[in-house]
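**Student:** Please see the structure below; I have some questions.
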Amino acid sequence: MMISVKKRTDTIKWLIVAFGLIIRFWRLGRQSFWADEVLTIDMYRSPQSGVSYFRKFLWDVHGPLYSMILHFWSMISSSEFWLRTPSVLAGGLSVWFLHKWLKKITDERTALTGALFLAISPFSLYYSQELRFYAMLNLFVIFSLIAFRKFEIKPDAKSGMTLGLVLGLTCLAHFSTAFLCMGFLVYMVAARRLKGDHLRYGLLAAVIVIVIVSPWIYRQIIFLGNVEIKNIANLSTGEKLRGGLTLNLWSYPYILYAFSTGYSLGPSLRELHLVRSGFNLIHDYGLELAVVYLLFGGMLTNAFVKLKRMKYFLFFFIVPVVAILCLTATVTFNLKVFNVRYLIVIFPIFTALLAVGVPKKAVGAGIVIACAATVMFISDFNYFMDKKYARDNIRGSVEIISRNETPGDVIVLMGVYATFDHYYKGDNRNEKVFVTEADSAREIEKIEKIAGEAERVWLVKCRQWALDSDDPVSAVYSRKMREVKKWELSGIKLFLFEKIDDKHDKAVLESK
């Protein structure tokens, strides 16, 4: 009987992992690269402009481990599908290892539930289909949780060295791992375990981490030396890292929302950039918000109620809170912007809490799991099928231009630069303009000149929230040229203008 039960649970586990991989591979190359993915490509590429790859590797303070892997992986193909595959594999492996970690601290049913939630998680799916280091970071965080658990149970040289090695590699996956390390430290202090062998071999682990990341410490010091550290409230808009305050009270409940349903249920990421108040979101997306916060918030609440009777309450409470406080501090002192992706270091803990928060009784557990899975699947469906939630389709805009351009055309880019250069292989000149509310009239002068000289102008507009709300660029071309055609793609507005020869048409346009 025991063997049959084990076989059944193993089968369920494999099916969950397989399904997690299938949905991550599905339509993997469908979406265009976006700006940050092109930054990743620039970091792992072979030597350029006299800068050796090794030096670029040492100056990569985001995901050097991921860049190293992609450097060799990309030798086979540079397609979107192929380059994103390591993230898919990391996302699938995360499901397996989350089950392994949860099984050690809870029970088989909770471990399977956690694996299921991670397999279908819209948040995990999003980063598992992105050419960035976040899916790999999530995997290494789970490795760190497993290593920390072993160290906590049996602190000795072996577990200390293992913890140090795993945490060091996790830091190289992304340096937001420092938030996790701080969480571990505060937890050990709060649990009164930072003494004896825990202290001795914990210091060993810390030394190993420092040795592993030491080549990047100098780069971080140089970076921080160029950042003015002071309360962000005292900075002018132009001095802030993103030109505006990225942290407010609505940021904290959004962590729960994004972790639960990703970025494809309710407001899209583009809408969130434009929204001015959380009350507006409640008005527009009240149903989605209510479902998510009642369902997933209820599961979290139930998890902490259950954990109060267990010995893991302190860990599950302290580590996430410390990580959130660390991110808040970096934002407050203008070292980082507030983005939920920097909290991926606690995402496996969040997923575990959802699994723990499922009711014990079979009927109640079935209903809660079914409801949570349904909401996640709806978000997954939106991610794949609804263009509202798709990444900026820069590749699509380049394809339209490439099919319709003529020699001598000028391409004016607003809000999209390196990504366009990555895709565009034509010979026509492109001009990058940076017209924001804080810019001078110099950029307007540049586009005025282009409008006067060019026979045809392509205007590519992306990331609308970062542009001047008065849109002076479109106003110039609408006044001085004739709009031939307009295309709207995901996150992109594309216009084709041409010179006006008819004097009457010019008079009409100038009168606008």
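**Student:** Quickly run through the stretch 261-287 and pick out the residues that are in contact with an Asp or Glu (Cβ under 9 Å, 6 or more places away or on another chain) and assigned to a helix (DSSP H, G or I).
**Tutor:** Listed by number, the residues that qualify are T261, R270, E271, L281, D284.
**Student:** Right, here's the next one. For the structure I just gave you, tell me whether A205 is aliphatic (A, V, I, L, M), in a helix (DSSP H, G or I), without any contact (Cβ under 8 Å) to a residue 60 or more places away in the chain and crowded, with 18+ Cβ neighbours inside 10 Å.
**Tutor:** Taking the combined requirement at face value, the residue satisfies it.
**Student:** Just one of (1) in contact with a Leu (Cβ under 8 Å, 6 or more places away or on another chain); (2) farther than 27 Å from W34 by Cα; (3) modelled with pLDDT under 80 trips up V435, so point out which.
**Tutor:** (2)
**Student:** If I ask for residues that are more than 24 Å from N404 (Cβ to Cβ) and modelled with pLDDT of 80 or more, which ones from the stretch 447-487 would you list?
**Tutor:** Of everything in the stretch 447-487, just one residue is more than 24 Å from N404 (Cβ to Cβ) and modelled with pLDDT of 80 or more, namely E448.
**Student:** Okay, next question. Here is a check on your reading of the model: is Y53 in contact with a Pro (Cβ under 8 Å, 6 or more places away or on another chain), modelled with pLDDT of 90 or more and either surrounded by fewer than 21 Cβ atoms within 10 Å (Cβ to Cβ) or not hydrophobic (A, V, I, L, M, F, W, C) (or both)?
**Tutor:** No; evaluated as a whole, the condition is false for this residue.
**Student:** In the stretch 2-29, which residues are without any contact (Cβ under 8 Å) to a residue 24 or more places away in the chain and of a type in the set (K, R)?
**Tutor:** If the condition is that a residue be without any contact (Cβ under 8 Å) to a residue 24 or more places away in the chain and of a type in the set (K, R), then K6, K7, R8 are the ones that fit.
The values are calculated or read from the model by the stated rules, or taken from the named source; none is laboratory data. In this text the structure is predicted, and so the values were computed from the model without any measurement. Using ideal geometry, Cβ is built from the backbone for each residue, glycine included, and neighbour counts are taken over all protein chains shown.
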